[in-house]
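Enquirer: Here it is, the structure in full.
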């Protein structure tokens, strides 16, 4: 599904990713862990096409398409979703309006009809209920005045509604208490399917207790330095990155 | 409201062009170019005005001759050449005025259709009575019969001068005096048409009243004068929309609006101003120099100005409230968008004279391209105005890094019981906001429209439904090409 080869990315003239390789197939859940500054968020932004993340070398293909040729909104149209570490506030724009506009944009990109207002309301209310979100939150401005946990839950509701093929979750678990963590994990697990894939970026192995990955990769100094299964995450939790011979401060 | 997608689609349809930039080929009668007593007499004669009104105009003209064009606004533009303007242009067919829509020049009706305001359609569907001012004369007023039953007068100002001389004499110039300012004096001398509204005691106007202004002739100025009187315990909501064709030269629009609100009455005045803003390089566009003022004379009277200013090359406009009656309320809700080389110096004046008066000012300025957007507002509390309250909120949004936003609040409090609050913010559409929208599938223009509509929400929701949709679309159109 997603194939990243020799990816080099610069931000503000500084090379952050230095030849990263990663292949993710349908049905798989991958986790990327790594010390601060290793390039985890850079990887997610590079996949999703954020401005300012300059690809200096390498390729990224998604279901055979050259992703790097596409604008950020077109990549979303292809079915890529990014759950942000710090979801952004949009004052004055209700969650409902925002999501309806987003869903219809995606449908338009895919040559589908706009969703009828009534159908949309039914759909979004169902998704909010699944993720135990108060329906009143849908009427509030996007992320404005939301607590950290509410913002992350909102990301999960958005993901559930937009129903992406490939989801990247950038430290979605950070700053959450155990109840919120369970909801986020539940949101991610709902996206598991033989036809979909998920990339979870996290600092902590605790999320991986709930979202059990098929593969775990360690990202350090702009490259994937080690890959394994779930046991790698547990080993990291016990021994730290230094246990793998990674110098945290060097990253 | 599912505004944004519709907005986007409209923007796409329009594809970057000024939507209303067509010129209509209609035969017109013009006064000779330039301004002198003869031209004023010509206008007055054309309109079959009574002697007192001609005298009033001439008095204004004499005062205007001695006045200087103001230069305190933060605007830079070439001063208009007042001898190079036609002060009167009327569709020829108006010499024998149409009695019903069937008699209106079909070419004119096609123009209105292009503007999306087919009269027949509106008559039937929307329940909006429209008085259309095309260049200098009111062409057709719909719904007048329905209004007449309630005693509501809704007619052109020329008709009012003929048919309701007592009301005209009493109120013309009573809120904006002849020599109030340079452009108001000019307007008083040469105003060619406009709308007159009178709501009798105890009447709640059964429909929204609406006027649509359009400048068609080249080199014409438009000088309309609007008077609205809300008698005791009455209510009216008045809508005003403006467009003008695309022309390379700058055209002058100097209007005066006077509103009088008596005891327990309320007037809601909404404007969507979409005059031609000039091209991307700042060539052409309308000079919009307008004086709008409301006098809340009665106890517990209320006036509410809502404006969405997206057009004009230069805007100079401060819809104001004189809160004279005890307990009177003034409100000002404004969205001003400037893009490319547009300049807007706009705001309000709240003059608190009566006791227990209150005012609210919500101003949203959006600046993109190389544009400058200035909020200028005065809150003045007179010595006897006990327990005055004012809340002012001025928010500016910048798009790109070559534009400017400025807030110039003046506060004069001469009574110690006054409670005045002022909040101001300046923000930019952040890269993070934009990326968030893009990542969810919206394209750049959609994202900007969405974010800007959100920014303006408090003002937009003040607009009557008929206008809200158009206004939301305009926001998107006005900001086309401002990002990315």
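The values are calculated or read from the model by the stated rules, or taken from the named source; none is laboratory data. This one's a predicted model, so the numbers in the text were calculated from it and none came from an experiment. Neighbour counts run over all protein chains shown; Cβ positions are idealised from the backbone, glycine included.
Enquirer: For the stretch A:108-123, does any single residue satisfy the condition of being crowded, with 21+ Cβ neighbours inside 10 Å and either within 14 Å of chain B (Cβ to nearest Cβ) or at pLDDT 95 or above (or both)?
Expert: No: the stretch A:108-123 contains no residue that is crowded, with 21+ Cβ neighbours inside 10 Å and either within 14 Å of chain B (Cβ to nearest Cβ) or at pLDDT 95 or above (or both).
Enquirer: If you don't mind, another one. Out of (1) in contact with a helix residue (DSSP H, G or I) (Cβ under 8 Å, 6 or more places away or on another chain); (2) part of a helix (DSSP H, G or I); (3) modelled with pLDDT of 95 or more, the odd one out for residue A:20 is which?
Expert: All conditions pass for residue A:20, except number (2).
Enquirer: Within the stretch A:158-175, restricting attention to residues that are without any contact (Cβ under 8 Å) to a residue 40 or more places away in the chain and touching a helix residue (DSSP H, G or I) at 6+ places or on another chain (Cβ under 7 Å), which residue is farthest from the other protein chains (Cβ to nearest Cβ)?
Expert: Across the stretch A:158-175, the extreme among qualifying residues is A:173.
Enquirer: If you don't mind, another one. Looking for whichever is farther than 25 Å from residue B:360 by Cα and surrounded by fewer than 22 Cβ atoms within 10 Å (Cβ to Cβ) here; the options are B:480, B:421. Which one fits?
Expert: Answer to the check: B:480.
Enquirer: Follow-up. Filter the stretch A:42-66 for residues that are in contact with a strand residue (DSSP E or B) (Cβ under 8 Å, 6 or more places away or on another chain) and within 13 Å of another protein chain (Cβ to nearest Cβ) and give the result.
Expert: A:44, A:45, A:46, A:47, A:48, A:52, A:53
Enquirer: Checking the conditions here, which among A:123, A:138, A:99 is over 22 Å from residue B:458 (Cβ atoms) and touching a residue at least 12 places away in the same chain (Cβ under 8 Å)?
Expert: Only one candidate passes the filter, namely A:123.
Enquirer: Can you name the residue in the stretch A:67-102 that is out of contact with any strand residue (DSSP E or B) (no Cβ under 7 Å at 6 or more places or on another chain) and farther than 30 Å from residue B:395 by Cα and is also farthest from the other protein chains (Cβ to nearest Cβ) among such residues?
Expert: That would be A:69.
Enquirer: Tell me which helices (runs of 4 or more DSSP H) are completely within the stretch B:139-206 and hold 2 or more residues being modelled with pLDDT of 85 or more and closer than 18 Å to residue B:259 by Cβ, or say none if there are none.
Expert: In the stretch B:139-206, the matching helices (runs of 4 or more DSSP H) lie at B:157-163, B:165-171, B:182-190.
Let's see how each residue does on (1) touching a helix residue (DSSP H, G or I) at 6+ places or on another chain (Cβ under 6 Å); (2) more than 16 Å from residue B:397 (Cβ to Cβ); (3) free of Cβ contacts under 8 Å to residues at least 12 places away in the same chain; (4) surrounded by fewer than 24 Cβ atoms within 10 Å (Cβ to Cβ):
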| site | (1), (2), (3), (4) |
| --- | --- |
| B:305 | no, yes, no, no |
| B:325 | no, yes, no, no |
| B:341 | no, yes, no, yes |
| B:345 | no, yes, no, yes |
| B:355 | no, yes, no, yes |
| B:367 | no, no, no, no |
| B:374 | no, no, no, no |
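Enquirer: Moving on to the next point. Can you name the residue in the stretch A:178-204 that is assigned to a loop (DSSP other than H, G, I, E, B) and more than 22 Å from residue A:88 (Cβ to Cβ) and, of all such residues, is nearest to the other protein chains (Cβ to nearest Cβ)?
Expert: Among them, the one singled out is A:196.
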